[in-house]
Amino acid sequence: MRAVTYVRNNTVEVHDKPVPEIAPDEVLLRVGGAGVCHSDISIIAGGDDSPLVGSTLGHEVAGYVHALGADVSGWEVGDGAIVSLILSCGRCRECLAGRDNQCEVVAPRGSLAPLSPGIGSPGGMADFLAVKAHHLDPIGDLDPVTAAPLADAALTPMHAINTVRNRMTGDATVVLIGLGGLGHMALQILAATTGARVIALDTDPNKLAFAREHGADLAIPSDGDAAARILSETGGVGADVVLDFVGVQPTVNLAVAVVRGGGAIRFVGLGGGTFEYRAGAGAGLPWGVNIERAYGGTRSDMREVVALAQAGKISVEVVRYSLDDAPQAFDDLHHGKIAGRAVLIP
Ligand SMILES: [Zn+2]
Ligand SMILES: [Zn+2]
C-alpha cells in the first residue's frame, strides 16, 4: 500500500509498505481521508536522525472498516469511523477521570507528545491503517474526507473551549488568534455553541475575510495595533478568554496584554513563544488569570465535534489532494497557501 513517509529532514515521500496485519482487538481501516496539520510540518523538521524517520505520518484519519480482528464486536465492514487523536490506554487514573488526552500511559511526564497515529505509531496517510477498535468512533454518513480533520482541527479547539466554557457567557468577549486549520474550526464551534462575541485575528487578509463570513463579530490584523484595538473594543478591561492557535512571540505577548483580570488564556499553537511570570504586584499578568497549555481533546470532545458536524453546525473547509500529492500538500501548508485544511485522499 502507499504510505506517506518521513524520509529525512523536511522531506516526505510516498513509499510502498505492506498492508498491516491486524491483531484480534484491531480493525483494518480503509482510509478515506487524512488531514495535514502544522504538527506534521514540525515533525518532519526534526532532522535526519529523528526517531520518527521512516514512519508513516497522519494523525487526522477517517475511513471505512475494511476487516475486523477476531475479538472485535460492535463494528461491521463498511462502517464509517474516525480514529482517536490520542491512543489512550482507557484504564489509567487520568483516562478513568475523563482526562484521556492526558493519559499517563501514552503521555508520560516529559514525553514530546502523547502517542497518536503518525506520532509514535503508524499514521493514516496511507491506504490502510490498523487501529484498536476502542480507538474508533462512528461517523455515520459523514464523508471521511471532511470528517478526518475533526480528529484534531476541531477536537483540539473544542477541548480548549470546553475548559473555559463557564466564561463564555453571552456578554463575554473571546479573542481568537490564528485562523488556520484549528482556528477556522474554533470560530465555528464558538458560533455554534456559545453566545460570546468573537474577535478574530490573523496576519493574512484572506483569512480575516473568511472569519467575517464564518461568524466573527470583528476580524482584525494581528499586528502592533491589535492590543490597543481589543482593549478599546472591551471598554479597557480586556477579553474574557484568549485562544492562541499560533504561539509565536507576538501572539503570546498579545494574549497576556489583552486578557482581562479573572480571564483565561489557552495556549494551543506550538510556535515557540515564551512568557515571563513574575510573582509580585504590579504590571504583567492581571490578577486571577487562568492559563492552560491545552493539548488535543478527550473522547467526549470527539463525540461532540462529530455530532456538531452531523448536525451541519460546523464544517471543515477542505483543500483536497490525492495521497500521491502529499509532498505538494506539505509544501503548500508550509507556505501558508491552505485556506482551511488540506486533506489527502487515497
Ligand atoms: Zn495536528
Ligand atoms: Zn490512560
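The values are calculated or read from the model by the stated rules, or taken from the named source; none is laboratory data. These numbers were taken from a predicted model, which means no experiment stands behind them. Cβ placement follows ideal geometry from the backbone for every residue including glycine, while neighbour counts extend to all protein chains displayed. All accessible areas refer to the heavy atoms of the entire protein, side chains included, with ligands and DNA or RNA removed. Shrake-Rupley method; radii C 1.70, N 1.55, O 1.52, S 1.80 Å.
Just a few scattered comments:
- With a simple spin-label model that places each label point 7 Å from the Cα along the Cα-to-Cβ direction, the separation between residue 325 and residue 192 comes to 2.7 nm.
- The chain: proportion of alpha-carbon pairs further apart than 37 angstrom, %: 17
- The chain, relative contact order in percent, only Cα pairs under 8 angstrom and at least six apart counted: 19
- Of the listed residues 77, 316, the order by accessible area with a 1.4 Å probe, largest first, is 77, 316.
- When only the Cβ of Lys, Arg, Asp and Glu is charged (+1, +1, -1, -1), the dipole of the stretch 199-327 relative to its Cα centre reaches about 380 debye.
- With a simple spin-label model that places each label point 7 Å from the Cα along the Cα-to-Cβ direction, the separation between residue 281 and residue 237 comes to 2.3 nm.
- Surface accessible to a 1.4 Å probe, per residue, for the residues of the stretch 156-293, Å²: 43
- Relative to the longest principal axis of the Cα atoms of the chain, the long axis of helix 249-258 lies at roughly 50 degrees.
- Fraction in percent of alpha-carbon pairs per bin - 10 Å, the stretch 156-293: 13, 49, 33, 4, 0
- Our estimate of slack between residue 203 and residue 292, defined as 0.36 nm per intervening residue step minus the Cα-Cα distance, is 29.6 nm.
- The spacing between the stretch 307-344 and the stretch 27-50, judged by their C-alpha centroids, is 13 Å.
- Toward the positive end of the charge dipole of the chain, with +1 on the Cβ of Lys and Arg and -1 on the Cβ of Asp and Glu, the farthest Cα among 226, 215, 277 is that of 277.
- Exposure rank, largest accessible area first [295, 277; 1.4 Å]: 277, 295
- Here the stretch 227-274 and the stretch 138-162 have alpha carbon centers that stand 25 Å from each other.
- Distance between the 7 Å Cα→Cβ label points at residue 75 and residue 225: 5.3 nm.
- Listed residues 335, 134, 66, most fluctuating in the chain (Gaussian network, C-alpha, under 10 Å): 335
- With every protein chain in place, the chain: carbon and sulfur % of accessible area (1.4 Å): 50
- Estimated 222 nm signal from helices in the chain, with DSSP H stretches of n ≥ 4 weighted -39500 (n - 2.57), rounded to 500: -6500 deg cm²/dmol
- Ranked from largest, the principal axis spans of the Cα set of the stretch 49-165 equal 41, 38, 29 Å.
- Sites residue 300 and residue 143, calculated FRET efficiency, Cβ-Cβ separation with R0 22 Å, nearest 0.05: 0.40
- Check: the stretch 157-249 dipole with +1 on Lys, Arg Cβ and -1 on Asp, Glu Cβ, in debye: 240
- Applied to the stretch 209-215, the Karplus parametrisation 6.51 cos²θ - 1.76 cosθ + 1.60 on θ = phi - 60° returns per-residue 3J(HN,Hα) values of 4, 4, 4, 4, 6, 10, x Hz, with x for Gly and Pro.
- Of the whole protein surface, residue 92 contributes about 10 Å² of accessible area at a 1.4 Å probe radius.
- Extension reserve of the residue 16-residue 307 stretch, reckoned as 0.36 nm per residue once the Cα distance is removed: 101.2 nm
- Residue 42 sits with roughly 80 Å² accessible to a 1.4 Å probe, with DNA, RNA and ligands left out of the calculation.
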